[in-house]
Structure formats: structure tokens, C-alpha cells
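Novice: Please see the structure below; I have some questions.
The values are calculated or read from the model by the stated rules, or taken from the named source; none is laboratory data. Bear in mind that the values here come from a model prediction, so they are computed numbers and not experimental data. Ideal geometry is used to build each Cβ from the backbone, glycine not excepted, and the neighbour counts take in all protein chains shown.
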Amino acid sequence: MATRDQCASGSVAGQLESAGELRYFARQPILHIDGRVHGYELLFRQAPEAVFRGESGEAVETMLDNAVIFGLEALTNGLPAFVTCTEEALIEQLVLVLTPNLTVLCFPARHAPSDRLMDAIRTLKARGYRFALDDFVWNDRLRPLAEQADYVRLDFRRFDRAEQEQLYRLRGGSTILAAQKVETPKDYLEAGAKGFTLFQGSYFCRPLLLKRRKAPANCMLHFEIVRELYHHPIDLARVSELVRRDASLTYRLLRLVNSPVYAIQQEIRRIESAILALGEETFRRVVSLAVISELNTDQPVEILRMALQRARFCELAAGQCDRDPSEQYLLGMLSLLPAMLGLPMEEIAPTLPLRGAICEALAGASNPERCLLGWLEFHERGDWAACDRITVAHRLDRWELARRYESAVLWSEVSLRSAVA
């Protein structure tokens, strides 16, 4: 089992286990209007308002640790990394440690720029860095900054048509508008109507719930499969029979089993053969991944990526709070079912193959079973104070949790490639 886990997590994740103590980092997706991920904002505990601050050597060291040891490409899956900077950091060129074609330098647009700042921005852009203005409100004194901006990021509620027209005239429509604090489907629609094409917030994990709607028949089949998977031992004949009822699921499962991530030497064409080749524990994980991929078919891939991150994190960290790793894996993976199905969790939970306490955790109860998932939800938002309250209450090791999160991020990328290829 250990060998297959190492294959699934990849060589970079292996580095994480031996890299020593790492600092908190979180990443927040920035999505296109069509649901594709455009890039990630990287947040670091030591500098919540700016990763690069001239007075904070520790913040710069944080970025060096993660960008140099693991590479921005590993942290963002090769997509742009949005990194908040201060004026001093730009002028002193501290950001040169970052890969130009992967980095968007974000700068709060609050004051008229100095000549030194404008010279630094032009130099950095000439090297290939992109530039984003944050918290932008139109002011003629900010025109030099706006002329250099590839992105403008702000709370969409504070943006009006007059500002949009000014930006459009300034750069001929080439500036990309990114809406922040987009928390609901209604927010998403309002921001889109204002001309934003990129969106940052939890809206895609909180879709409009359809009351009185029943889960589709194939979803109930999928839940039944997951229930059977967590019987000990697995009833192979029963699981095989259920999987074969769904042709799409069968195809996805066999494709996953034969993907390089599981390092099977001989092609597997039968469900029964898969469990013999993988072993029960890995077989459970592969089928769970196939099922959750099917459930997320009509939703942004980022939801599946987050479900995998949560599953892996909860599994890896389960020992800290004396929880069952397999049960925690399912808790994390199934926590985003409402986003996938458009159904409230209270309607989904009774059909799931979990103990009552786990179902209560999924529904939001503050019980011991939910401590890891709760920590991770706050971590995803960069709410470090809330994370600390949970670590103190449950006597968790915050640095160990940070390492487990980083491992889960990288593992989920490898697993996702197999799931959606």
C-alpha cells in the first residue's frame, strides 16, 4: 500500500515529507466565467496582507521555501500565481525569485505612484511579470498604474460602469477584470453583468440549491456502491455487479486502474481483477474517485480538485485526533456533494455510507469528527485565527497540519490528472 501511495503522490510530494518544517500557505482559485481555473492566489500566514514586505524577512523566506524548493508550477499546477506585494518589495526587486511567466504581481492601488515605483513596474513587466491592481477605485492620480495593469481585482460591489468605461478607454479593453468576494451564485451573476470575467470566492462551492429535487437515480446507485466499498471485507461480486450497471462509471474506473499513477504492469479489463491487483484499500480509493468524478461531471473541475484535497488531507491528518483515516478520507471527499449535486446536505447525508457522527459532521455539527475538515475550510480561506482556535481546542500540531495540507495539494493534482484525462 505504501508503494502505491508514493506513486500516487508523485516525487514532489515525497520531497514535502523530508523538507522539514514549512510555513502555512493556502491557495485560492480564480475562475474564468465558464468555470475553468485561470490561476491561484497564494496566501501565507506570516504576511496576510502581503507576501513580500520589505520589513519582513520571514515572509520573503516563506516564498523562497515554497517557490524554490517546490516551484510555483507545482503549487499552482502551471497556472498563474497571484502574489500580493508592497511598493518597497517591487522597488527593491525582491520578487525576482519568482518565475516571471507564472507570476502576477498584485499591488494595492491606494496612492499616486512614485517615479521609482513606476520605473520598477516597467522593469518587471519587461522581464515578463504581469501586474494586477487590487482594491482599485478610479482616480486620475492612479492613471500611470492603470496603464500598466494587466488585471484589476476588487470587490465587485464597489465597481460601477464609469470605472469600467475609464479602464476600457485607457487600454482598449485589454485589462482583465477580476471580481473578489464572490460568495453566492447571485454574486456571480451580478459580477458578470458588470463586465468581470474572472471570479474569486466560494460561489462555485455554494451553488443554488434546488429544493424538493431528488437525487438522480444514478447518484443513488453511486451512493450504494460507496456503501458497499466500506464493508469489511469487500463483497467483490456485489460491488462488481453495481459498477457494471453504470457504463460510464465502469469505463472511468478501468481507465483509472490502468493509469500510470497506480503502476499496474498488465492491463486490467475486468472489475474483479482490479481489486486483486490493487488490494482492498487502494481499490476503495480508486472506486471512490471514479464515483466522485461521475457525480461532478457537470460542475467545475475545481470542485473535484478541492474534494480530493480535502479527502487526502483528512486521511493524512487523522492520526492527530485519533480518527479512522478511511472514514476521514470519505468525510473530506463527500463534503462538497451539495456543490456537485445542487442538493442540501441534510437530504444527502442519510443516504451516505457513514456513521451518524460523520453525517452530522458533514451537515456542519461542531463535533470531534469534523475538527480536521473544519480546520481545512478555514485554511482554504486564509483565516489563520480560526485555524488556531481549532488546533488549540483539539490539541493539534499546526505545523504538521500545514505539511499535510501541502502534501494533499500536490497529491490531488496527480490524482486529478488520472480522473479527468
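Novice: Is there a residue in the range 172-182 that is assigned by TED's automatic domain parsing to the domain that holds A81 and more than 24 Å from Y40 (Cβ to Cβ)? Steps first, answer last, please.
Specialist: Taking the range 172-182 as the starting set, the residues that turn out to be assigned by TED's automatic domain parsing to the domain that holds A81 are 172-182.
Subset that is more than 24 Å from Y40 (Cβ to Cβ): 172-173.
Scanning the range 172-182 turns up at least one residue that is assigned by TED's automatic domain parsing to the domain that holds A81 and more than 24 Å from Y40 (Cβ to Cβ).
Novice: Sticking with this one: Have a look at L256, L249, L221 and point out the one that is at pLDDT below 80 and either in a helix (DSSP H, G or I) or not assigned by TED's automatic domain parsing to the domain that holds L337 (or both). First the steps, then the outcome.
Specialist: Details: L249 fails: at pLDDT below 80; L221 fails: at pLDDT below 80.
On inspection, the qualifying residue turns out to be L256.
Novice: When you look at R323, is it surrounded by fewer than 18 Cβ atoms within 10 Å (Cβ to Cβ), out of contact with any helix residue (DSSP H, G or I) (no Cβ under 6 Å at 6 or more places or on another chain), of a type in the set (D, E, K, R) and not assigned by TED's automatic domain parsing to the domain that holds R45, yes or no? Working first, answer last.
Specialist: Values: surrounded by fewer than 18 Cβ atoms within 10 Å (Cβ to Cβ): no; out of contact with any helix residue (DSSP H, G or I) (no Cβ under 6 Å at 6 or more places or on another chain): yes; of a type in the set (D, E, K, R): yes; not assigned by TED's automatic domain parsing to the domain that holds R45: yes.
In short, no.
Novice: Go through (1) touching a Ser or Thr at 6+ places or on another chain (Cβ under 9 Å); (2) outside any helix (DSSP H, G or I) and name the single condition L316 misses.
Specialist: Condition (2) is where L316 drops out.
Residue by residue, here is whether (1) polar (S, T, N, Q); (2) buried (at least 17 other Cβ atoms within 10 Å of the Cβ); (3) under 29 Å from E406 (Cβ atoms) holds:
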site	(1), (2), (3)
L75	no, yes, yes
E87	no, yes, no
N101	yes, no, yes
P113	no, yes, no
R116	no, no, no
G128	no, no, yes
L142	no, yes, no
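Novice: If you scan the range 282-300, which residues turn out to be assigned to a helix (DSSP H, G or I) and farther than 19 Å from L376 by Cβ? Write out each step before concluding.
Specialist: To start, the set of residues in the range 282-300 that are assigned to a helix (DSSP H, G or I) comprises 282-295.
Listed by number, the residues that qualify are T282, F283, R284, V286, V287, A290, V291, S293, E294, L295.
Novice: Name the residues in the range 324-375 that are charged (D, E, K, R) and in a helix (DSSP H, G or I), would you? Reasoning before the result, please.
Specialist: Looking only at the range 324-375, we keep the residues that are charged (D, E, K, R), and these are 324, 327, 346-347, 355, 360, 369-370.
E327, E346, E347, E360, E369, R370, listed by residue number.
Novice: Select from the range 384-421 the residues that are charged (D, E, K, R) and surrounded by 15 or more Cβ atoms within 10 Å (Cβ to Cβ) and write down the one among them that is farthest from Q200 (Cα to Cα). First the steps, then the outcome.
Specialist: Step one: list which residues in the range 384-421 are charged (D, E, K, R), which gives 388-389, 395, 397-398, 400, 403-404, 406, 413, 417.
Checking which are surrounded by 15 or more Cβ atoms within 10 Å (Cβ to Cβ) leaves us with 388, 398, 400, 403-404, 406, 413.
Working: D388: 24, R398: 26, E400: 28, R403: 25, R404: 24, E406: 21, E413: 20 Å.
Ranking the candidates gives E400 first.
Novice: Given the structure, is Q309 closer than 28 Å to H231 by Cβ, touching a residue at least 60 places away in the same chain (Cβ under 8 Å) and buried (at least 18 other Cβ atoms within 10 Å of the Cβ)?
Specialist: Numbers: closer than 28 Å to H231 by Cβ: yes; touching a residue at least 60 places away in the same chain (Cβ under 8 Å): yes; buried (at least 18 other Cβ atoms within 10 Å of the Cβ): yes.
Answer is yes for this residue.
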